[in-house]
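See structure below.
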Amino acid sequence: MKNITTQEISEKVSLALYEACHNLNSCTLNLLKEAHSNEEDITPRTILDQLLENAQIARKEGIPMCQDTGIVTAFVKIGRDVHLEGDIHDAINEGVRDAYEKYYLRKSVADPITRLNTKNNTPAIIHIDIVEGDNLSITLAPKGAGSENMSRLAMLNPTDGIEGIKEFILKAVKEAGGRPCPPIFLGVGIGGNFEKSAEMAKEALMRLNPSSDPTIAKLEAELKDEINKTGIGPMGLGGKTTCLGVFINTFPCHIASLPVAVNIQCHANRHVEVVL
Ligand code: SF4
């Protein structure tokens, strides 16, 4: 049995949030560089250059890569052989509070009705799973509203099938246009029920590699190609690069349902995993 204190968790969470907001992960950076070399026109090339320069300045000078430092989602996996000394929700929220105050990250969380700001970016949205082992892993994703607001969920008819799913996803991307600051990533949840599909869509964005299921990996690649044919382009100003990756998670669903959720992520693709 491994003992983990709330203080250890809070400290790791705070540092990880600094990392996420200032250091764009190498996978996203490489995809942006690849996109830059694929573009021929001056406008998309210039925008991709600026996004790469922005990421470099953020890392070197300790300035957040975007002013919208988001609301924090945490995907927590607690090993059965972990003993937590205290409450995991309190520990994560303390780490969020510390990071947003200490590193001067924008406080972007408010009561939904009064719109009064909570002034420390808490609470985080926390999803917890129990897994085998004696590790505690927390994947933190501070996500801005520009891309989150373009997310969509539909309860399709099962007879809509794969073509209906693709049509819904492409419609969501086209309606979003330049608003989620493309190039985008797409997290998609297919199946489960209403809330399960949305959670899967968000969690799919945490991986930056194709699905291990060959059928789903093929669908991810096809959708990415289709999205890039829309010509929306970097920042919606035209070009070959609208989407850097599509990630789909699936789960069995009711025979009379076909839930599909689309969670759009902007180029400021911030997520970091901490393991204790
Ligand atoms: S969509 Fe992303 S890059 Fe655009 S303002 Fe929001 S957080 Fe920043």
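The values are calculated or read from the model by the stated rules, or taken from the named source; none is laboratory data. Everything quoted here is computed from the prediction, not taken from an experiment. Neighbour counts are summed over all protein chains in view; Cβ atoms, including those assigned to glycine, are modelled from backbone coordinates with ideal geometry. Protein only, heavy atoms only, side chains kept; ligands, DNA and RNA dropped before computing areas. Shrake-Rupley method; radii C 1.70, N 1.55, O 1.52, S 1.80 Å.
Before moving on, here are some points about what is shown:
- Within the range 101-207, helices (runs of 4 or more DSSP H) holding 1 or more residues that are more than 16 Å from the ligand (Cβ to nearest atom) and buried (at least 18 other Cβ atoms within 10 Å of the Cβ): 161-176, 194-204
- The one condition in (1) open to solvent by less than 50 Å² (accessible area, probe 1.4 Å); (2) part of a strand (DSSP E or B); (3) of a type outside the set (A, V, I, L, M) that residue 267 fails to fulfil: (2)
- Within the range 226-264, the set of residues being of a type in the set (Gly, Ala, Ser), touching a Pro at 6+ places or on another chain (Cβ under 7 Å) and either open to solvent by less than 10 Å² (accessible area, probe 1.4 Å) or part of a helix (DSSP H, G or I) (or both) comprises 233, 236.
- Any hit, the range 208-225, residues being under 28 Å from residue 68 (Cβ atoms) and outside any helix (DSSP H, G or I): yes
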